[in-house]
Amino acid sequence: MVEKTGEEDRFNGRKSSYAAISAIAVFIPLAACPRDPSLFLGLLVYAILFLISVSLFIIDALPWRRYLFLSTLSMLLVFWATSAALAVYDRKNPVVIRSTARWLIWSNDYKAKVLAQPATANSEMKHIEWDGWGWAGMDTTVYLVFDPTDSLSAAAQSHQPGKFNGIPFAVPLVHRMESHWYTVLFYTDESWAMAK
């Protein structure tokens with residue numbers, strides 16, 4: 001009986017690259033979902049992936065092929081480390097990753113909804129609710145705003161909070177999506193509806 005020493009018993013560093021790409025590919029669609037369902041959906045998806053990971057690890061560990069075992073271990077570590085880093089970054093910067101992912105996927109739909117709104121008499125910018133999170137009455141809301149004059153561009157570049165024309169309250173963060181389109185983070189417990 002001849003023993004195989006081919007690909008199956010060599011350390012394969014490519015698995016780690018594939019794991020990082022897979023973690024990003026799983027995370028981005030979850031980030032693009034609205035925040036409330038994405039938390040449950042994310043936990044479900046990652047629980048399933050965890051079970052698959054453990055199964056792969058056990059299957060590769062049973063025959064104790066050292067290099068295959070190490071390849072799988074490195075792949076799993078990279079996948080979970082990348083996933084954890086993305087989750088931490090998303091928690092610290094909730095507007096950036098989620099907004100970018102959603103904008104790439106659904107920007108045309110959101111633009112159409114905003115532009116379909118009638119002009120207001122009090123020179124408010126056209127807007128719709130873009131994202132939100134909170135619990136027990138401590139809600140935080142992000143709005144997608146159409147700014148035809150790009151007056152919010154300086155605020156988006158400087159990342160400084162302030163009161164801006166066309167927005168009813170002072171806001172802590174303005175983020176530019178593209179020319180004339182911005183996301184505006186309101187302080188907790190403030191919303192556009194409160195200004196009416």
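The values are calculated or read from the model by the stated rules, or taken from the named source; none is laboratory data. Note that this is a predicted model, so its numbers are computed, not measured. Quick reminder, even Gly has a Cβ in these numbers, built from the backbone with ideal geometry, and neighbours come from all protein chains shown.
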- Query: For A84, all conditions in the list (1) closer than 30 Å to F50 by Cα; (2) in a loop (DSSP other than H, G, I, E, B); (3) of a type in the set (G, A, S) hold save one; what is the number of the exception?
  - Reply: (2)
- Task: Being crowded, with 19+ Cβ neighbours inside 10 Å and touching a Gly at 6+ places or on another chain (Cβ under 9 Å) is the filter here, so list the residues in the stretch 164-185 that pass it.
- Result: V171, V174
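Can you spot a residue in the stretch 156-166 that is hydroxyl-bearing (S, T, Y), within 23 Å of the chain's Cα centre (by Cα), in the same structural domain as V114 (by TED's automatic domain parsing) and closer than 23 Å to L104 by Cα? Break it down stepwise before answering.
Of all residues in the stretch 156-166, those hydroxyl-bearing (S, T, Y) come to 158.
Next, only the ones that are within 23 Å of the chain's Cα centre (by Cα) stay: 158.
Add one more test, that the residue is in the same structural domain as V114 (by TED's automatic domain parsing), and what stays is 158.
If we keep only those that are closer than 23 Å to L104 by Cα too, we end up with none.
No, the stretch 156-166 contains no residue that is hydroxyl-bearing (S, T, Y), within 23 Å of the chain's Cα centre (by Cα), in the same structural domain as V114 (by TED's automatic domain parsing) and closer than 23 Å to L104 by Cα.
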- Message: Checking K163 against (1) free of Cβ contacts under 8 Å to residues at least 12 places away in the same chain; (2) among the basic types (K, R); (3) within 26 Å of V26 (Cα to Cα), only one condition comes out false. Which one?
- Response: (3)
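Here's the yes/no breakdown for (1) closer than 22 Å to E190 by Cα; (2) at pLDDT 75 or above:
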| residue | (1), (2) |
| --- | --- |
| L68 | no, no |
| V95 | yes, no |
| H159 | yes, yes |
| V171 | yes, yes |
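Hey, does the stretch 110-122 have a residue that's at positive phi and surrounded by fewer than 13 Cβ atoms within 10 Å (Cβ to Cβ)? Explain how you work it out, then say what you get.
Kept after step one, since they are at positive phi, are these residues of the stretch 110-122: none.
No, that holds for no residue.
When you scan the stretch 150-159, do you find a residue that is surrounded by 11 or more Cβ atoms within 10 Å (Cβ to Cβ) and under 30 Å from A25 (Cβ atoms), even just one?
Just the residues of the stretch 150-159 that are surrounded by 11 or more Cβ atoms within 10 Å (Cβ to Cβ), to begin with: 150-156.
Keeping just the survivors that are under 30 Å from A25 (Cβ atoms) gives 156.
Looking for residues that are surrounded by 11 or more Cβ atoms within 10 Å (Cβ to Cβ) and under 30 Å from A25 (Cβ atoms), one finds at least one in the stretch 150-159, hence yes.
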- Candidates I167, I128 - the one that is assigned to a loop (DSSP other than H, G, I, E, B), modelled with pLDDT of 90 or more, among the aliphatic types (A, V, I, L, M) and closer than 22 Å to W103 by Cα: I167
